[in-house]
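The values are calculated or read from the model by the stated rules, or taken from the named source; none is laboratory data. All of these numbers come straight from a predicted model, not from anything done at the bench. In this analysis, Cβ positions are derived from the backbone assuming ideal geometry, glycine residues included, and neighbour counts consider all displayed protein chains.
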Amino acid sequence: MRLKRNVNSKIMAKMKKDFFSAAGIGVMISVLLAVFTRDFAKAGVVLMLSFVGAALLSVNEIEKHKSEKKKKEEALREAYPSLIYALTGFIEGGMSVREGFKTIIRLNLVTQPILREKIETLNLKLDNGMSMQRALNEFSRSIGIKEYKKLSGLISQNERAGSIDLVKVMELELVETEHMKIRYAKERAEKKKVVMLLPITMLLFVVILILMGPAFIQLQTV
């Protein structure tokens, strides 16, 4: 939570810096324009546009942060099946969850950098004496994605009371992961279609401008 606040404060600080920098330049230009040309109307327009541009820069920073966060979440979701495959296989072979996580890192079965770092941190906490439940809770909370929270909950329940057949539960999760992979593949395909349509739409808009521009100019001159 503290890390999240620090990240958000950095983003806000950058947004403020960009906003005041752009707005400051606009103010300077508008003042110079008013002093040397006495064209106060034009200076007012420049001032207004500078604030609009500064606001757009701030919005762009927010969208950029959202885009980066979304890409990170998508990468972690795509890496989830490889974790489930490996962990389920080890548990079915009689290995403990703790040894399973260690073996995943040792054999380099998870290559996604963020997830690998999280698992390494989890293993370090376990080696330092932290309970499995607490380590898993911090692991899933630091990732912040429902699939990992579900996995953490399943293992924690087994660790706490041994009330579930972990092998069977992991096998069911493996089946769910297969469905999840198909669903995400379809979503990516739909996104690609939308991305491909955008350039076509822009091209059509330019063509319309080229075709309609001369006619519009002629109407204005009549």
Matching entry among 204, 151 (being modelled with pLDDT of 85 or more and not polar (S, T, N, Q)) | 151
Out of (1) touching a Lys or Arg at 6+ places or on another chain (Cβ under 8 Å); (2) within 18 Å of residue 95 (Cβ to Cβ), the one residue 133 does not meet is (2)
In the stretch 77-110, which residues are touching a residue at least 12 places away in the same chain (Cβ under 8 Å) and among the polar types (S, T, N, Q)?
-> 82, 88, 103
Name the residues in the stretch 115-148 that are closer than 17 Å to residue 81 by Cα, modelled with pLDDT of 95 or more and of a type in the set (Val, Ile, Thr), would you?
-> 119
